[in-house]
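These notes are about the structure you will find just below.
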Amino acid sequence: MKRVTTFRGRARACPVFPLALAGFFLLGLAPICAFGQATDSGQTPAETSQPDPQNWNLHFQSTAIGQGYPSFSAQYTGANSLTPAAQIKETVSVDVTGGVRVWRGGEFFGDVVIWQGFGLSDTLGTAGFPNGEAYRLGKRLPDAYLCRAYLRQTFGFGGEKEASDDAPDDLRGSKDVRRLTFTIGHLSSKDIFDNNAYANDSRSQFMNWSLVANTAWDYPADVLGFTNGAIAELNSRAWTERVGIFQMSQFANGERMEWDFGKSWGLVGEIERRYSLRGHAGTLRPLAYDQRAHMGSYQDTIDNPSLEEDIYLTAAYRYKYGFGINMDQEITKDLGAFMRLGWSDGKNQTYEFTDVDRTATLGLDLKGTRWRRPNDDVGLAQVVNGISAVHKEYLAAGGLGILVGDGALDYRTERITESYYNWKMAKHYHLTFDYQFVQNPGYNHVRGPIDIFALRLHMEY
């Protein structure tokens, strides 16, 4: 059904939070200047022999996931529910990524993805969706998309250097530890913000959306997860500060982006603090975001029964803001831990990512050294997702979110446990066995629990 959107007047300007976010970024300049030359952080850059600079590179990856569950109990099923009957779905992605050094300090990267398949129930039913390779726009036949095309310019401040490796998002060479980097173009805002050593990549680590990103951050993206934006990063030995501005979609979860930055934008700032705890590396990343887009209001939708819970009929240019914190910590040489916390104001509709206003995740990653498989990984994590009070009212009245909406709601926090074993079969091939236990899918206590099983084959060159 085609949605009809009406305008209810332009939102009143509210510059307070963008200014606070800018202050959040600038506030970190003092510790960077003060501790940029610190030698007691315990985390030193790679500064052995400096590698010869690489002028270009080319990388390839392919990931195929088969995922399914047996039937589960449900008192009722709505438009955005996981179907209670047993099902199996598959997704396939192929990326061809290349980089080229265009001038001193300047690098250009591009990535074409070929993708096909569907998430469970067409990527509906749980806020923490179990397959990070599943787009909300599924395809029966393979389709291609230029998902990244961006320019990165780095200005070094001299002094100590560190090595960079040949990677899909980097060229082998060396760079100044103290540097300023600008990135502009088409990319995912998650490429640069909210990274984590143990829970970041659904192709090689945990698969659940809540363990790939902070789900309370409604991060700017089109329906496939990418946008256009500009990012500045200031780096020293122990600190990195980054701030970015990105395009939002014209309409919630849309394919087209809004080009009028006077009306719509996504602003995010993050400080990354690297440290050592008894010789084991750790990183702490507080994050804050503010965005403005053509969003519907939960309260306005509830207050007007004639709208029949169609939140798109209350759309106007509104604000959403939130905070997050992200931490990873090596415990031993083979064992690491991570956690994320996230909060958003939860007043206006989920616009880009998934239906979460509060999130907490905690997990462990263990290398297989003890059983003579040092290139294998075992992961175990717990997720708790929640929503705001007005968001609960909206779903209980029959409203629909991007991924959830059962027509009614017996609210409980959504709880997900995920475990996986990543087996390195050969030099370029990994096979992963994954299990997820989902309680209260879509925040609904009368549905589930669900046992979700997956097999993932990943290949990269």
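A few notes on this one:
- Taking the Cα centre of segment 224-365 as reference, the dipole from Cβ charges on Lys and Arg (+1) and Asp and Glu (-1) amounts to some 720 debye.
- Leading residue at positive end of dipole, the chain (Cβ point charges), from Gly254, Ile416, Ser236: Ser236
- Distance violations [Cα-Cα > 26 Å] among Lys263/Lys347; Lys89/Lys427; Lys175/Lys427; Lys161/Lys424; Lys320/Lys392: Lys89/Lys427; Lys175/Lys427; Lys161/Lys424
- Sorting the Cα pairs of segment 246-359 by distance into bins of 10 Å, from 0 upward, gives 13, 33, 26, 16, 9, 2, 0 percent per bin.
- Amide H contacts of Asp170 (H built 1.01 Å from N, under 5 Å, at least 5 apart or other chain): none
- Using only side-chain charges placed at the Cβ, +1 for Lys and Arg and -1 for Asp and Glu, the dipole size of segment 368-461 relative to its Cα centre rounds to 440 debye.
- With contacts taken as Cα pairs under 8 Å and at least 6 residues apart, the chain reaches a relative contact order of 17 percent.
- Potential lengthening of the chain between Asp451 and Ala167 amounts to 98.7 nm, from the contour at 0.36 nm per residue minus the alpha-carbon distance.
- Here the calculated FRET efficiency for Thr369 and His59, from their Cβ-Cβ distance with R0 = 30 Å, stands at 0.65, rounded to the nearest 0.05.
- The residue list Leu400, Thr332, Leu277 was ranked by how far each Cα lies along the charge dipole of the chain toward its positive end, using unit charges on Cβ atoms, and Leu277 comes out on top.
- Whole-Hz Karplus values for segment 262-267 come out as x, 9, 9, 6, x, 10 Hz, taken residue by residue from phi with 6.51 cos²θ - 1.76 cosθ + 1.60 and θ = phi - 60°; glycine and proline positions read x.
- Positive-end ranking of Gln61, Trp115, Phe182 along the dipole of the chain, with charges on Cβ about the Cα centre, is headed by Phe182.
- Where a label projected 7 Å from the Cα of Tyr76 along Cα→Cβ would reach, residues of segment 404-442 with amide N under 20 Å: 404-414, 440-442
- This model, with +1 at the C-beta of Lys and Arg and -1 at the C-beta of Asp and Glu, gives the chain a dipole about its Cα centre of some 320 debye.
- Segment 312-442, relative contact order [Cα under 8 Å, separation at least 6], %: 18 percent
- Shape category assigned to segment 308-461 from the gyration tensor of Cα positions, a/c cut at 1.5: prolate
- Scalar couplings 3J(HN,Hα) for segment 238-250, obtained by applying the Karplus form with A = 6.51, B = -1.76, C = 1.60 to θ = phi - 60°, are 10, 10, 9, 10, 9, 9, x, 10, 9, 6, 9, 5, 5 Hz; x denotes Gly and Pro.
- Segment 110-157: C-alpha gyration tensor shape, a/c 1.5 cut-off, then a/b vs b/c: oblate
- Summed residue charge, Cβ within 12 Å of Asp303's Cβ, Lys/Arg positive, Asp/Glu negative: -3
- Here the spin labels are modelled as points 7 Å beyond Cα on the Cα-Cβ line, and at Tyr435 and Asp201 they lie 2.6 nm apart.
- Label separation (Val384 vs Lys333): 3.6 nm, computed from points 7 Å beyond Cα along the C-beta direction.
- Proximal aspartates and glutamates to Lys139, defined as alpha-carbon separation beneath 13 angstrom and excluding residues fewer than eight positions away on the same chain: Glu90, Asp122
- Taking 0.36 nm per residue of sequence separation and removing the Cα-Cα distance, the Ile325/Gln153 pair yields an extension gain of 59.2 nm.
- The packing ranking of peptides 413-426, 194-207, 346-359, highest mean first, is 346-359, 194-207, 413-426, where packing means the average number of other beta carbon atoms within 10 angstrom of each residue.
- Annotation for segment 183-205 versus segment 121-141: alpha-carbon center distance of 18 Å.
- Net +/- balance of residues flanking Pro374 in space, Cβ distance below 12 Å, scoring K and R +1, D and E -1: +3
- Fewest-first ranking of Leu287, Leu455, using other Cβ atoms within 10 Å as the exposure measure: Leu455, Leu287
- Efficiency of FRET between Ala144 and Asn304 - r from beta-carbon atoms, R0 30 angstrom, step 0.05: 0.10
- Per-pair calculated FRET efficiency, R0 = 25 Å: Met425 and Arg278 via Cβ, rounded to 0.05: 0.10
- Linear extension gain, Glu460 paired with Ala230, 0.36 nm per residue minus alpha-carbon span: 80.0 nm
Read-outs throughout are calculated quantities, based only on the coordinates presented, and are distinct from any laboratory measurement. Since we're looking at a predicted model, the values are computed, not measured. Neighbour counts run over all protein chains shown; Cβ positions are idealised from the backbone, glycine included.
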